[in-house]
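Everything on this sheet refers to the single structure shown next.
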Amino acid sequence: MRAGFIEKPGAAYFKEVEEPQIVNATDVKIQVKAAGICGSEVHAFHGRHPFRIPPVVSGHEFAGIIAEVGKGVTKYKPGDRVTAEPQYGCGECPACRAGRYNICRDKKVLGSNGWSGSFGEFVVVPEKTIVPLKKEVSFEQGALIEPIAVGMHAVRQNRISISDTVLIIGAGTIGLGILLSVKACNPRCMIMTDVVDFNLEAAGKMGCTHTINSTKENLEEKIMEITEGKGVDITFLAFGNGPVVEQAAKLTKRGGVISEIALMQNSERAPYELIQSKEISLIGSNMYTYEDYMVVVDCMAKGFIDTSQFITQRYPIEKMQEAMDMADKRPEPVIKVMLEF
């Protein structure tokens with residue numbers, strides 16, 4: 001099959017590879033039509049990802065058409081338009097039994113550890129991970145469900161209300177996915193900050209109430225002006241390091257919430273005095289569950305989530321090398337690079 005292949009750190013290109021086959025009765029084979037390049041694949045390209053280790057056909061943001069089903073599949077058939085949640089848990093640990101398989105120690109993730117990913121023309125996934133696409137949702141939108149579901153999971157954890165003022169730090173793909181998920185809750189005010197004007201302009205077009213370039217404006221002064229000195233109700237960290245977490249604690253109101261989605265090292269320090277004295281709740285958010293996927297699909301179909309600003313570059317899979325270079329080196333503004341089959 002046609003595939004984008006990461007051979008070793010620094011080497012990603014198009015090649016023909018062996019097509020994955022149905023092994024289990026509940027397996028479903030999907031012909032990929034669109035696949036997004038995630039930052040985790042860029043990390044894999046550089047040899048810096050903990051489990052996406054070259055050589056690998058990576059990729060986990062995708063949508064396509066069912067090509068074949070195992071004998072035990074009951075809900076789906078060839079020709080169905082679908083995406084799939086690119087993870088599943090062991091099914092036996094306490095987290096899995098509680099429905100929180102997204103934090104299972106032994107969960108399997110598409111595009112890693114021998115599970116051929118969506119940079120290949122075909123993927124094979126368990127039936128339980130399949131998410132049907134409604135007729136209003138295109139393949140490209142289907143490939144964006146995964147990164148938006150990351151944001152939806154964090155938003156659903158925190159029950160955004162119409163009276164809330166929300167701050168999102170980081171206007172990359174995940175941050176913008178959080179924005180669209182927050183917007184679907186219709187809060188009083190949405191604020192997004194980043195250092196890249198292009199991304200902030202996209203956030204504005206997506207309906208963000210206030211956008212702030214923190215290299216050009218005093219973020220703390222601006223937030224306190226917007227919130228009349230109270231601080232925001234909840235801060236979502238789509239980018240993070242020690243100084244950013246400390247800033248978030250300063251900008252979040254007393255009794256507020258910081259939702260931590262960004263990947264940070266244990267060595268990064270946290271502002272414990274501020275968290276303790278202001279009684280700020282610090283909540284981790286890891287990926288998503290099936291329900292988050294279904295909420296995103298429904299919001300897309302109803303027009304509550306508009307992805308028109310997301311995809312900035314498109315490449316046929318045969319130009320995998322150019323696509324990865326764009327996602328990595330960013331010679332022009334990039335939000336999401338999409339591969340097409």
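The values are calculated or read from the model by the stated rules, or taken from the named source; none is laboratory data. A quick note: this is a predicted structure, and the numbers were derived from the prediction, not measured. So basically every Cβ, Gly included, is an ideal-geometry build from the backbone, and we count neighbours across all protein chains shown. With ligands, DNA and RNA removed, areas are computed over all heavy atoms of the protein, side chains included. Shrake-Rupley method; radii C 1.70, N 1.55, O 1.52, S 1.80 Å.
Would you check if Glu220 is over 23 Å from Gln309 (Cβ atoms) and among the acidic types (Asp, Glu)? Give the derivation first.
Details: over 23 Å from Gln309 (Cβ atoms): yes; among the acidic types (Asp, Glu): yes.
For Glu220, the condition - over 23 Å from Gln309 (Cβ atoms) and among the acidic types (Asp, Glu) - is met.
Look through Val42, Val17 and report the one residue that is of a type in the set (Val, Ile, Thr) and out of contact with any strand residue (DSSP E or B) (no Cβ under 9 Å at 6 or more places or on another chain).
The unique qualifying residue is Val42.
For the range 1-35, name all the residues that are touching a His at 6+ places or on another chain (Cβ under 9 Å) and buried (at least 16 other Cβ atoms within 10 Å of the Cβ).
Pass one, the range 1-35, residues touching a His at 6+ places or on another chain (Cβ under 9 Å): 9-10, 35.
Answer for the range 1-35, where residues must be touching a His at 6+ places or on another chain (Cβ under 9 Å) and buried (at least 16 other Cβ atoms within 10 Å of the Cβ): just Ala35.
Residue check, Thr129 against (1) in contact with an Asp or Glu (Cβ under 6 Å, 6 or more places away or on another chain); (2) surrounded by 21 or more Cβ atoms within 10 Å (Cβ to Cβ), all met but one. Which one?
(2)
Does the range 310-334 hold any residues that are assigned to a loop (DSSP other than H, G, I, E, B) and either surrounded by 19 or more Cβ atoms within 10 Å (Cβ to Cβ) or aromatic (Phe, Trp, Tyr) (or both), and which are they?
Phe310, Val334, listed by residue number.
For residues that are open to solvent by 30 Å² or more (accessible area, probe 1.4 Å) and of a type in the set (A, V, I, L, M, F, W, C), scanning just the range 39-66, find the one that is farthest from the chain's Cα centre (by Cα).
Ile65
Given (1) basic (Lys, Arg); (2) farther than 20 Å from Thr173 by Cβ; (3) touching a Gly at 6+ places or on another chain (Cβ under 7 Å), identify the lone condition not met by Lys302.
(3)
Can you go through Asp194, Asp164 and tell me which one is touching a Lys or Arg at 6+ places or on another chain (Cβ under 8 Å) and at pLDDT 95 or above?
Testing whether each residue is touching a Lys or Arg at 6+ places or on another chain (Cβ under 8 Å) and at pLDDT 95 or above leaves just Asp164.
Identify, please: which residue in the range 161-176 is assigned to a loop (DSSP other than H, G, I, E, B) and surrounded by fewer than 24 Cβ atoms within 10 Å (Cβ to Cβ) and is, among those, farthest from the chain's Cα centre (by Cα)?
It comes out as Ser163.
(1) part of a loop (DSSP other than H, G, I, E, B); (2) touching a residue at least 60 places away in the same chain (Cβ under 8 Å); (3) farther than 25 Å from Lys319 by Cβ; (4) open to solvent by less than 50 Å² (accessible area, probe 1.4 Å): which one isn't true of Lys134, the others all being true?
Of (1) part of a loop (DSSP other than H, G, I, E, B); (2) touching a residue at least 60 places away in the same chain (Cβ under 8 Å); (3) farther than 25 Å from Lys319 by Cβ; (4) open to solvent by less than 50 Å² (accessible area, probe 1.4 Å), only one is false for Lys134: (4).
I want to confirm something. Restricting to the range 220-256 and keeping residues that are of a type in the set (Gly, Ala, Ser) and touching a helix residue (DSSP H, G or I) at 6+ places or on another chain (Cβ under 7 Å), which single residue is farthest from Cys208 (Cα to Cα)? Working first, answer last.
If we filter the range 220-256 for residues that are of a type in the set (Gly, Ala, Ser), which is where we start, we get 229, 231, 238, 240, 242, 248-249, 255-256.
Retained after the next criterion (residues that are touching a helix residue (DSSP H, G or I) at 6+ places or on another chain (Cβ under 7 Å)): 231, 238, 249.
Values: Gly231: 17, Ala238: 15, Ala249: 21 Å.
If we take residues in the range 220-256 being of a type in the set (Gly, Ala, Ser) and touching a helix residue (DSSP H, G or I) at 6+ places or on another chain (Cβ under 7 Å), then Ala249 is farthest from Cys208 (Cα to Cα).
Quick check on this structure: which one of Ala95, Ala67 is in contact with a Gly (Cβ under 8 Å, 6 or more places away or on another chain) and small (Gly, Ala, Ser)? It would help to see each step written out before you state the result.
Details: Ala67 fails: in contact with a Gly (Cβ under 8 Å, 6 or more places away or on another chain).
Unique residue meeting the criteria: Ala95.
Name the single residue that is nearest to Met264 (Cα to Cα) among those in the range 213-238 being surrounded by fewer than 20 Cβ atoms within 10 Å (Cβ to Cβ) and within 25 Å of the chain's Cα centre (by Cα).
For the range 213-238, the residue satisfying everything is Ser214.
Out of the range 265-304, which residues are part of a loop (DSSP other than H, G, I, E, B), among the aromatic types (Phe, Trp, Tyr) and either open to solvent by less than 30 Å² (accessible area, probe 1.4 Å) or free of Cβ contacts under 8 Å to residues at least 40 places away in the same chain (or both)? Explain how you work it out, then say what you get.
Quick first cut of the range 265-304, residues part of a loop (DSSP other than H, G, I, E, B) only: 265-271, 278-280, 285-289, 303-304.
Now drop any that are not among the aromatic types (Phe, Trp, Tyr), which leaves 288, 304.
Correct list: Tyr288 only.
Does the range 17-32 include one or more residues that are over 25 Å from Ile311 (Cβ atoms), free of Cβ contacts under 8 Å to residues at least 60 places away in the same chain and not aromatic (Phe, Trp, Tyr)?
So far as the range 17-32 goes, yes, one or more of its residues are over 25 Å from Ile311 (Cβ atoms), free of Cβ contacts under 8 Å to residues at least 60 places away in the same chain and not aromatic (Phe, Trp, Tyr).
Tell me which residues, restricted to the range 96-110, are open to solvent by 50 Å² or more (accessible area, probe 1.4 Å) and either in contact with a helix residue (DSSP H, G or I) (Cβ under 8 Å, 6 or more places away or on another chain) or free of Cβ contacts under 8 Å to residues at least 40 places away in the same chain (or both).
If the condition is that a residue be open to solvent by 50 Å² or more (accessible area, probe 1.4 Å) and either in contact with a helix residue (DSSP H, G or I) (Cβ under 8 Å, 6 or more places away or on another chain) or free of Cβ contacts under 8 Å to residues at least 40 places away in the same chain (or both), then Arg97, Ala98, Ile103, Arg105, Asp106, Lys108 are the ones that fit.
Of all residues in the range 181-192, which are touching a helix residue (DSSP H, G or I) at 6+ places or on another chain (Cβ under 6 Å) and open to solvent by less than 10 Å² (accessible area, probe 1.4 Å)?
Hits for the range 181-192 are Ser181, Val182, Met192.
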